[in-house]
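The values are calculated or read from the model by the stated rules, or taken from the named source; none is laboratory data. These numbers come from a predicted model, not from an experiment. Glycine also receives a Cβ, built like all others from the backbone with ideal geometry; neighbour counts cover every protein chain displayed. Accessible surface areas use protein heavy atoms only, side chains included; no ligands, DNA or RNA. Shrake-Rupley method; radii C 1.70, N 1.55, O 1.52, S 1.80 Å.
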Amino acid sequence: MKKNRKLPVFLATLALVVSCNTKVEDKDVVSDDSKQTTEISEEQIDKLGISDINHLSAATKRALKWPTDLGNEWFIQFGPLKPLKGDLAYEEGVVRRDPSAMIKENGKYYVWYTKSVGPSQGFGGDVENDKVFPWDRCDIWYATSEDGETWKEEGLAVARGKKGEYDDRSVFTVEIMKHENKYYLCYQTVKSPYSVRVKNQVGLAWSDSPDGPWTKSKEPILSPADNGIWKGEEQNRFLVEKRGDFDSHKVHDPCIIPYKGKFYLYYKGEQMGEEITFGGRQIRHGVAIADKPEGPYVKSPYNPISNSGHEICVWPYNGGIAALITTDGPEKNTVQWSPDGINFEIMSVIPGVNAHAIGLDRTVDNEKEPTEILRWGLSHVYNSGDYQSIMSYTSKRKKQHVAKGASGTKK
Ligand code: AAL
């Protein structure tokens, strides 16, 4: 065997000491230089159903490293999506997508979202005048509801900027933050022309009332890293001389959380020269931190803080920040938690998340249990490639698995 060969598992020649202090050699495991000793108790042997401690499979070795205090409350299942009623029911010819979180004001839920009309033509024609994506030529609208099911569209909240401004082409994918009786909307922005290589930024608007009027930041509060180099002049986002940081092309899906006396702006980064990895898009998340809601936001040197995921879905829990990671990357469909808003660990795996661009219900007591905030909320769905609408999702914890008629309680 080659000297430096490392096993894909953590333990190589494994010596185990059982609780009765018998030292056992696992002779089936290929040996290398790293010798480790692991304590294995009778309780672990029983709980993990280990047949023979002298023959531990790779799976059992991983199981022995599982945290013992991980509760079932991190593990949830999403139910089917449900159409909304009233003005947010699917409307032909209209795009409503990427709902913000919901907050409750004046006895009603409030939500903000991306809205546009008409089909999109893609990038094959005249990008100066066409609508390239469903989220191109959008403005931010808002709606209210008493029960979360029937919604009244209240009108426009934040419009695109005037020609020449950084947000003159589209404002979309919005999130809401309420802080000290002020309301903040952060959202994506694009400046015309919307070509394949156009950079996307993040804008901010604030108001004393959820009904506006909104004042927009004169400049973006977040921009892509400026250290990638395109190859050639062709509008092809996969051709690069140098990729640059994980967010060298686009900063997306912004969400600001007041945390530890500061403001943590979580976002999705898209890199120039993006690849398909682990069967999905190469999408990563970052965080930028500010002392005040308006910024300036400074990107964390620890970025990227997730190498999987898509739209940002984060909430405070137990002194840290939790995140639902969906859609792309090897850690997709997991719930993660970090004690510091930066260093996330996987807490659970979710059997398929059918909710996308989740709008969390920020009105609940999110400390009740880790995933309480995911019990219900809003999602968008693709009714077609051109049109999307907002629906609601629910999720629940699996608490038992009992055959019909059988007793399910532990005596
Ligand atoms: C979404 C988000 C961003 C993208 C597009 C609209 O779900 O990730 O907002 O730009 O798709």
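Here are a few things to note about the model shown:
- Scanning region 180-229 for residues that are polar (S, T, N, Q) and farther than 18 Å from Arg137 by Cβ returns Asn181, Ser207, Ser209, Thr215, Ser217, Ser223, Asn227.
- Residue in region 353-370 that is more than 16 Å from the ligand (Cβ to nearest atom) and open to solvent by less than 10 Å² (accessible area, probe 1.4 Å) present: yes
- Annotation: of all residues in region 63-85 being within 14 Å of Glu39 (Cα to Cα) and in contact (Cβ under 8 Å) with a residue 24 or more places away in the chain, the one that is least open to solvent (accessible area, probe 1.4 Å) is Leu64.
- Hits in region 269-279 - residues which are under 17 Å from Thr326 (Cβ atoms) and either in a loop (DSSP other than H, G, I, E, B) or open to solvent by less than 10 Å² (accessible area, probe 1.4 Å) (or both): Gly269, Glu270, Phe278, Gly279
- Residues being closer than 22 Å to Ile312 by Cα, touching a residue at least 40 places away in the same chain (Cβ under 8 Å) and either open to solvent by 10 Å² or more (accessible area, probe 1.4 Å) or touching a Leu at 6+ places or on another chain (Cβ under 9 Å) (or both) - total across region 184-202: 7
- Positions within region 108-122 being away from the ligand (no atom under 14 Å from the Cβ) and hydrophobic (A, V, I, L, M, F, W, C), in sequence order: Val111, Val117
- Looking only at residues in region 218-232 that are aliphatic (A, V, I, L, M) and open to solvent by 20 Å² or more (accessible area, probe 1.4 Å), the one that is farthest from Ile256 (Cα to Cα) is Ile229.
- Contact annotation: residue pairs with Cβ atoms under 8 Å, 6 or more positions apart or on different chains, pairing a residue in region 91-119 that is in contact (Cβ under 8 Å) with a residue 12 or more places away in the chain and among the acidic types (Asp, Glu) with a partner that is within 15 Å of the ligand (Cβ to nearest atom) and assigned to a loop (DSSP other than H, G, I, E, B), are Glu92/Tyr387; Asp98/Trp135; Asp98/Glu311; Asp98/Ala357.
- Of all residues in region 335-352, those that are in a strand (DSSP E or B) and open to solvent by less than 10 Å² (accessible area, probe 1.4 Å) total 4.
- Selected residue (criterion: nearest to Phe123 (Cα to Cα)) from residues of region 133-178 that are of a type in the set (Ser, Thr, Tyr) and within 14 Å of the ligand (Cβ to nearest atom): Ser170
- All conditions in (1) open to solvent by less than 60 Å² (accessible area, probe 1.4 Å); (2) of a type in the set (S, T, N, Q); (3) away from the ligand (no atom under 13 Å from the Cβ) hold for Thr215, with the sole exception of (1).
- Screening region 373-408 for residues that are among the charged types (D, E, K, R) and either open to solvent by less than 30 Å² (accessible area, probe 1.4 Å) or assigned to a strand (DSSP E or B) (or both) and picking the one that is nearest to the ligand (Cβ to nearest atom) gives Lys396.
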